[in-house]
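The block underneath contains the structure these notes are about, expressed in structure tokens.
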């Protein structure tokens, strides 16, 4: 079964985030990386990373003609870092967030051509890191957006184009 | 200071309710250790609202006895890592682990926890 380019990039993103571990040169250790099912399907835990994606938009400026034409696409991936700290901790919540998001950026930026995702994309940018605090106080953390631009055959999003 | 009613409900009322409506679960303390206890599990809790009026979504409301052996003491509950293991859907035989997300209320020997 063929795997679409966007799905392949998403899988690589999860793999990179999954290595965050104090034993591997990071300051934090993730409890895992998950992608939600329709009903959620995951257990919120301290240092869990949840990866979702947003709307895929056509990028006309970076598309180019050919036979078939190459279509460029922008896809935002949202990386949510969840913190559910022990009630007895005395460390400031923001301190934990600062370490965790920095580790996520470090993991995503692995390799000199990190932004190409092993030649699947032409560019990637981490556009923002937004803070969140669950309204019920049960969790806090951040949302980090990775905007990835990739090209495919216009008529076949399974085939990557330069 | 608890009222006489609260004390009686704690000592007689809730244990009776647990015996009637409770089911076995396992409670895992983030500080270490686990406890096999009985709890009243509400599998379809209605959405509740926080102080700001936001809907708080959770999957289970679990009522446990505020007791050092037959339940968990309120002072032991830690919403930063405690977990429960329960049957998520009646008919399933394999229990699943859920996180204790928040305390909904504590009263008369009962602790109600929102779990997801």
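The numbers here are math on the coordinates, done by the rules we state, and not lab data. Everything numeric here is computed off the predicted structure, so don't read it as measured data. Positions of Cβ are backbone-derived with ideal geometry, glycine not excepted, and every protein chain shown enters the neighbour counts.
Some notes on this structure:
- Spin-label pair residue A:57/residue B:12, simplified geometry with 7 Å Cα→Cβ offset, distance in nm: 6.8
- Percent of C-alpha pairs per 5 Å bin in segment A:5-135, short distances first: 2, 9, 18, 21, 19, 13, 8, 5, 3, 2, 1, 0, 0.
- Residue mean of other protein chain beta carbons inside 10 Å, A:136-143: 5
- Paramagnetic label zone (point 7 Å from Cα along Cα-to-C-beta, residue B:23; backbone N under 17 Å) in segment B:80-116: B:84-99, B:113-116
- Extension reserve of the residue A:147-residue A:133 stretch, reckoned as 0.36 nm per residue once the Cα distance is removed: 2.7 nm
- Coordinate range along principal axes, alpha carbons of the protein assembly as shown, Å, largest first: 82, 41, 35
- Sorted by Cβ neighbour density within 10 Å, fewest at the top, the residues A:82, A:126: A:126, A:82
- Summarised in one figure, the compactness ratio Rg/Rh of segment A:68-162, Cα atoms and Kirkwood Rh, is 1.14.
- Contact order, relative form, for chain B: 27 percent (alpha carbon pairs under 8 Å, 6 or more residues apart, mean separation divided by residue count).
- Sum of -39500 (n - 2.57) over DSSP H runs of 4+, divided by residues of the protein assembly as shown (222 nm, nearest 500): -4500 deg cm²/dmol
- Peptides A:96-102, B:28-34 ordered by average Cβ neighbours within 10 Å, highest first: A:96-102, B:28-34
- Theoretical FRET efficiency, 1/(1+(r/R0)^6), r = Cβ-Cβ of residue A:90 and residue A:31, R0 25 Å, to 0.05: 0.75
- Residues B:12, A:17, ranked from the fewest to the most other C-beta atoms within 10 Å, line up as B:12, A:17.
- Mean-position separation - Cα centroids, segment A:89-143 and segment A:1-56, in angstrom: 11
- Among B:36, A:10, sorting on how many other beta-carbon atoms sit within 10 Å of each Cβ, with the fewest leading, yields B:36, A:10.
- FRET efficiency, 1/(1 + (r/R0)^6) with R0 35 Å, evaluated for residue B:74 and residue A:125 via beta carbons: 0.15
- Applying the Kirkwood pairwise sum to the alpha-carbon positions of chain B produces a hydrodynamic radius of 14.6 angstrom.
- In percent, rounded to a whole number, the relative contact order of chain A is 25, using alpha-carbon pairs under 8 Å and six or more apart.
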